[in-house]
Amino acid sequence: MKRVFSVCWAMVRFDNRKGLHRCFWKMVGLGLGIGFLLGSAGAGGAEATAPTTKVPPAQPSAPGVPKAQDRLLLADGGKSAYTIVLPQKASPSVEHAAKELQHFLAEMTGVSLPIRTDAQPLPERAILLGQNRHLETLGLRIDFAGLGKEGYLLRTVGPHLVIAGSDVRGTLYGVYGLLDDHLGCRWFSPEVSRIPKYSRLEVGPLDERYVPPLEYREVFTFECFDGDWAARNRVNSSSARLGPQHGGKVRFASGFFVHTFERLVPPEKYFDAHPEYFSLVKGKRLKQHSQLCCTNEEVIRLCTEAIRAAMRAQPDATVFSVSQNDWYNYCECDRCQALAKAEDSQIAPVLALVNRVAEAVEKEFPDKVVETLAYQWTRKPPKTLRPRPNVVIRLCSIECCFSHPLASCESPANAAFRRDAEGWSKICNRLWVWDYVTDFRHYLLPFPNQRVRQPNIQFFLAHHVTGIFEQDTYNTPHSELAALGGYLTAKFLWNPQYDQQKALQEFLEGYYGKAAEPIRAYLDLIHDHVEKHRIHVNIWAHTDSPHLPDELLLEADRLWQKAEELTADQPAVQQRVRLDRMSVDYAIVERARLERRKAPDSPIRQLARQRFQPFIQTLEKSGLTHLTESRQLNLPEYRQTLAAALGVQP
């Protein structure tokens with residue numbers, strides 16, 4: 001079996017009264033603005049089989065629609081009889097779909113298929129893309145409206161292959177569905193992919209219809225902002241560099257992503273003349289760290305005007321946030337608290353405001369939505385108040401344990417979140433989630449959450465969630481296992497039923513090569529530990545967290561050392577191993593820093609002295625800019641202080 005890999009390649013201050021979002025939002029302000037039968041290889045030394053993915057069963061064909069026929073021979077010995085046919089007036093994304101299909105088929109088989117439009121006669125053998133004129137010739141009646149913007153149909157009809165979807169992202173995603181789910185292509189990171197080689201390439205028979213269960217899929221990770229990577233992994237992230245050729249994205253309006261109260265009604269502009277616009281806390285109206293008085297009619301008017309103006313100014317945006325600032329200090333005035341008491345939740349005044357804004361703009365902007373948060377003090381759902389149809393509630397899981405699944409974790413925080421998720425699921429037209437998948441206090445600290453990513457997404461879907469934002473390390477490259485986390489998250493957001501072990505193993509083999517086995521052992525080590533000992537890990541874990549005892553770190557170091565040695569003859573792969581080893585190195589040196597007084601000659605201290613120079617050297621070359629969310633890394637200062645704490649030369 002022959003496989004060819006294409007390889008182009010501190011502390012966050014958190015206060016429960018202020019929250020984590022604020023740090024994130026400041027960074028945004030600075031500019032962050034699966035299958036059915038597999039295409040099999042024949043003789044000739046090519047890959048006998050490629051990975052398969054389970055997808056939902058294809059819906060039955062409508063009466064009179066041609067059924068899937070035999071396998072289609074797309075290429076054999078560097079030759080092909082097939083032509084890619086796209087609509088004459090194809091959208092940029094359909095044109096890009098044709099080019100992507102042509103490119104990757106050429107990389108797999110050595111033959112570049114010609115591209116033509118449906119203005120010409122139907123070729124004897126064709127791959128038909130999009131809303132193609134030749135579909136009628138084949139007798140195909142496709143419910144494009146039912147596919148939506150992102151769903152697609154893959155079907156073999158006689159000698160032809162149909163990839164049909166919208167001219168937004170559906171056809172493009174259909175091409176990636178063929179390449180990924182049926183032909184074995186994988187895009188692990190922007191620099192590392194697996195494109196199998198075939199001397200003989202067959203596909204089919206195919207009769208597959210797929211519509212993604214999530215309308216919004218955001219992998220908020222630095223490495224995952226690359227537009228090609230995002231499109232190929234079928235995520236429509238608002239923050240990814242997705243252009244017209246990718247079919248665009250789910251776009252939040254600029255300046256209206258989250259925590260918008262101060263933008264909507266700036267205290268610098270209004271407080272002195274109208275302090276009543278702002279929250280009353282302990283008998284005093286606040287100018288600093290304030291919220292809005294959400295029941296004030298003038299505040300409602302100002303918010304409505306600001307959102308209406310933003311919708312007119314940003315016609316391409318679809319989501320506009322009207323949401324609390326990233327701290328507490330909700331309004332305690334009589335009107336706000338009467339409503340909060342009646343609804344048994346502080347969300348009530350906020351949701352009442354949001355509903356008023358949404359109602360005021362819904363006729364002029366029926367394609368846009370107003371979003372707000374269910375976050376910290378607004379997380380509990382109201383008793384009787386309901387979000388309007390054009391309102392999105394974004395439920396935030398910030399307080400939870402992430403080392404165990406949300407659905408089953410016994411921690412009080414997760415139990416409370418389950419209650420709120422169930423409550424919101426019963427009353428929302430559109431429920432989205434803001435989820436968290438890293439340690440924001442220590443970006444490099446090992447964070448054993450790889451096993452919970454899929455079950456947590458499945459939990460959200462079971463509670464009628466239709467959009468998920470997964471906040472990871474967005475402001476620096478090369479944080480703890482960022483590429484792995486991004487790949488797994490993207491896979492599960494697109495297909496929540498994708499085989500978890502398969503996803504993990506294909507990444508390890510494709511990204512780390514010979515080092516896959518010890519790195520898999522390392523992942524098992526840290527996950528087994530928190531499961532066996534029922535250790536809850538939240539997103540503010542310290543370097544002395546019980547999920548990382550000294551003996552575990554010693555074994556982790558041994559496994560990563562083995563991984564590095566196994567890749568000695570592959571410099572590019574070894575460099576990826578070294579970059580991801582930084583996570584364990586960081587845990588070791590920072591643990592040793594803490595133990596310098598009570599155990600000056602402990603095994604972890606001795607190991608830290610050995611690993612100091614390799615860690616710092618890799619850190620210097622990595623391009624990592626933050627060890628913590630809120631503060632940029634000063635590497636010379638960090639090197640000096642760490643060396644002094646360990647008793648080594650900097």
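What the table shows:
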read-out: Two-decimal Rg/Rh across the range 328-410, once Rg and the Kirkwood Rh are taken from alpha-carbon atoms; value: 1.05
read-out: Cut-off under 5 Å, modelled amide H: who pairs with residue 368 long-range; value: none
read-out: Reduced Cα scattering model of the range 186-301, Debye log10 I(q)/I(0), q = 0.12, 0.15, 0.22, 0.24 Å⁻¹; value: -0.69, -0.83, -1.14, -1.26
read-out: Portion, in percent, of the accessible area of the range 104-248 that falls on carbon or sulfur, probe 1.4 Å; value: 49
read-out: Calculated [θ] (222 nm, deg cm²/dmol) that DSSP helices of n ≥ 4 give over the chain, each run adding -39,500 (n - 2.57); value: -11500 deg cm²/dmol
read-out: FRET efficiency, 1/(1 + (r/R0)^6) with R0 56 Å, evaluated for residue 464 and residue 335 via beta carbons; value: 0.95
read-out: Where labels lie 7 Å past Cα in the beta-carbon direction, separation of residue 112 and residue 599 in nm; value: 6.1
read-out: The range 350-486: C-alpha pair distances exceeding 19 Å, %; value: 53
read-out: In Å, descending, principal axis extents of the Cα set of the range 416-523; value: 50, 31, 21
read-out: Point-charge dipole on Cβ atoms (K/R +1, D/E -1) for the range 478-596, about Cα centre, debye to 20; value: 220
read-out: Cα gyration tensor, the range 84-172 - rounded (a/c under 1.5), prolate or oblate; value: oblate
read-out: Debye, to nearest 20: dipole size of the range 334-489, +1 on Lys, Arg Cβ, -1 on Asp, Glu Cβ; value: 420
read-out: Most positive-pole-ward Cα, 240, 192, 266, against dipole of the range 191-348 from beta carbon charges; value: 192
read-out: Charge-dipole axis of the range 469-620 as Lys and Arg at +1 and Asp and Glu at -1 on Cβ define it, positive-most pick from 589, 487, 474; value: 589
read-out: Computed lengthening from residue 617 to residue 524, 0.36 nm per intervening residue step minus Cα-Cα distance; value: 30.7 nm
read-out: Computed magnitude of the charge dipole of the chain (debye, nearest 20; Cβ of K, R +1, Cβ of D, E -1); value: 560
read-out: Cα gyration tensor, the range 180-254 - rounded (a/c under 1.5), prolate or oblate; value: oblate
read-out: Given charges at Cβ of Lys, Arg, Asp, Glu: the chain dipole, positive-most of 512, 139, 437; value: 437
read-out: For the chain: rounded, prolate or oblate by the Cα gyration tensor [a/c cutoff 1.5]; value: oblate
read-out: HN-Hα J in Hz across the range 113-121 - Karplus 6.51, -1.76, 1.60, θ = phi - 60°, x for Gly and Pro; value: 6, x, 10, 9, 9, 7, 6, 8, x
read-out: Other-chain or far-sequence residues with amide H under 5 Å of residue 75's (modelled H); value: 201
read-out: Directionally averaged shadow of the range 574-650, computed from the convex hull of its alpha-carbon atoms, nm²; value: 5.1
read-out: Heavy-atom accessible surface of the range 323-383: percent carbon and sulfur, 1.4 Å; value: 48
read-out: For the range 241-247, Karplus couplings with θ = phi - 60° (6.51, -1.76, 1.60), whole Hz, Gly/Pro x; value: 7, 9, x, x, 5, 8, x
read-out: Accessible surface, per residue, of the chain when the full set of protein chains is kept, probe 1.4 Å, Å²; value: 38
read-out: For the range 200-271 versus the range 494-558, the gap between their alpha-carbon centres in whole angstrom; value: 28
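The values are calculated or read from the model by the stated rules, or taken from the named source; none is laboratory data. Everything numeric in this text was worked out from a predicted model, so none of it was measured. Note: ideal-geometry Cβ built from the backbone for every residue, glycine included; neighbour counts use all protein chains shown. Side chains are part of the model used for accessible areas, which takes the heavy atoms of the whole protein and leaves out ligands, DNA and RNA. Shrake-Rupley method; radii C 1.70, N 1.55, O 1.52, S 1.80 Å.
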